[in-house]
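The numbers here are math on the coordinates, done by the rules we state, and not lab data. If you're wondering where the values come from, they're calculated on a predicted model, not measured in any experiment. Here Cβ is always computed from backbone atoms with ideal geometry, including for glycine, and neighbour counts include all displayed protein chains.
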């Protein structure tokens, strides 16, 4: 289960980074817009820091998307890496 949590955190971080680069924001600009520390955003993107529900909400708003959009992308990335359909596998 611990390996799955790490994989999920990594997938969420990749989803954040993909959206951030898609809208051409630096980590610092994202952190400022979200009211979070740049080191925390960096940790999330690397899958090393776990984002709380509040942090996910702040990131989504700063990335001009819905929190669910970040989770859908994370789920897609996780499924591709694991070779499964969704988080149930």
If you find the alpha carbon centre of the range 66-80 and of the range 1-53, how far apart are they in angstrom? 12
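Between residue 80 and residue 5, what is the FRET efficiency for a Förster distance of 22 Å, r being their Cβ-Cβ separation, to the nearest 0.05?
Values: r = 18 Å, r/R0 = 0.80.
Efficiency for this residue pair is about 0.80.
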Just to confirm the number: angle between the C-alpha axis of helix 53-62 and the first principal axis of the chain, 0 to 90 degrees, nearest 10? 60
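For residue 46 and residue 72, FRET efficiency with R0 = 25 Å and r from the beta-carbon atoms, rounded to 0.05? Mind showing how you got there, number by number?
Numbers: r = 21 Å, r/R0 = 0.83.
Once rounded, the FRET efficiency stands at 0.75.
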Evaluated over the chain, the Cα radius of gyration and Dmax, each in Å: 12.3, 36
Summing -39500 (n - 2.57) over every DSSP H run of at least 4 residues in the chain and dividing by its residue count gives a helix-only mean residue ellipticity at 222 nm, to the nearest 500 deg cm²/dmol, of -22500 deg cm²/dmol
